[in-house]
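Down below is the structure, laid out as structure tokens.
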């Protein structure tokens with residue numbers, strides 16, 4: 001688990017780290033469940049412990065009891081998230097990238113611990129034995145904890161690497177970009193390609209492409225991506241949800257290869 005907030009430059013606290021990690025697992029589980037319900041595919045995830053490099057190519061261990069023919073990477077974002085964000089080097093490892101939106105918050109972690117009695121059996125028992133809190137106080141705390149509920153998830157679409165393979169060797173390729181021009185900044189809401197927040201050439205290319213579309217862009221305008229305050233200072237491959245494939249016939253083509 002990385003200590004950097006996904007898509008930002010902030011260091012994650014432990015609660016955020018666990019929430020993001022659990023969100024990632026739930027996204028993978030949601031996709032497997034979706035495959036079963038939509039296409040009758042029985043897929044198995046790989047949760048073995050091991051070096052990160054072993055797990056980069058595919059999150060799917062087996063399909064209907066056999067090894068998958070496609071390497072599928074599942075990327076999870078918040079329920080209102082827009083971006084499929086792949087670390088720059090990883091884009092070359094998998095065949096298909098799936099974006100899943102999951103509506104989980106930090107409250108879900110607390111609710112889960114309550115559901116499996118972690119608080120009552122561990123923390124509360126210790127608090128009583130040490131005289132840190134009384135029974136009535138602990139019951140009040142217990143009642144204030146959220147109840148575990150269903151977590152909504154949505155399979156937003158997928159990116160087929162084969163369709164953009166010609167662009168991937170050039171790590172400054174920006175295949176598609178669009179955005180809303182404000183007074184002092186441009187907010188990017190559609191994007192497909194590489195992005196590095198610490199390399200000025202990427203901003204320059206974004207401005208050039210937007211100007212070619214007839215947009216009035218000044219060189220001093222700040223470039224922002226909708227929903228992201230700060231990127232981690234590394235190479236990213238970004239695809240906005242609007243450029244992902246999601247139609248039934250698109251998915252069927254992937255399923256036949258899977």
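All of the numbers you see were taken from the coordinates with simple rules; none came from a lab. Every value quoted in this text rests on a predicted model; they were computed, and no experiment measured them. Here Cβ is always computed from backbone atoms with ideal geometry, including for glycine, and neighbour counts include all displayed protein chains.
For the chain, what relative contact order do you get, as a whole percent, if you take Cα pairs closer than 8 Å and at least 6 residues apart?
21 percent
Using the Cα gyration tensor of the chain, with a ≥ b ≥ c the square roots of its eigenvalues, what is the shape: rounded (a/c below 1.5), prolate (a/b larger than b/c) or oblate (neither)?
Because a/c hits 1.5 or more and a/b fails to exceed b/c, the chain counts as oblate.
For helix 200-212, report the angle its Cα long axis makes with the longest principal axis of the Cα atoms of the chain; keep it between 0 and 90° and round to the nearest 10°.
That helix lies at roughly 60 degrees to the long axis.
Ranking 178, 85 by Cβ neighbours within 10 Å, fewest first, what do you get?
178, 85
If I fit a long axis through the Cα atoms of helix 135-144 and take the longest principal axis of the Cα atoms of the chain, what angle between them do I get, 0 to 90°, rounded to 10?
Rounded to the nearest ten degrees, it is 30.
Suppose R0 equals 22 Å; then what is the FRET efficiency for residue 132 and residue 111 from their Cβ-Cβ distance, rounded to the nearest 0.05?
0.45
In degrees from 0 to 90, rounded to the nearest 10, what is the angle of the helix 248-257 Cα long axis to the longest principal axis of the chain?
80 degrees
Spin-label point model (7 Å from Cα, Cβ direction): what's the residue 170 to residue 211 distance in nm?
With each label placed 7 Å out from Cα toward Cβ, I get 1.8 nm.
Put a dot 7 Å past each Cα toward the Cβ at residue 253 and residue 141; how far apart are the dots in nm?
The two pseudo-label positions are separated by 5.6 nm.
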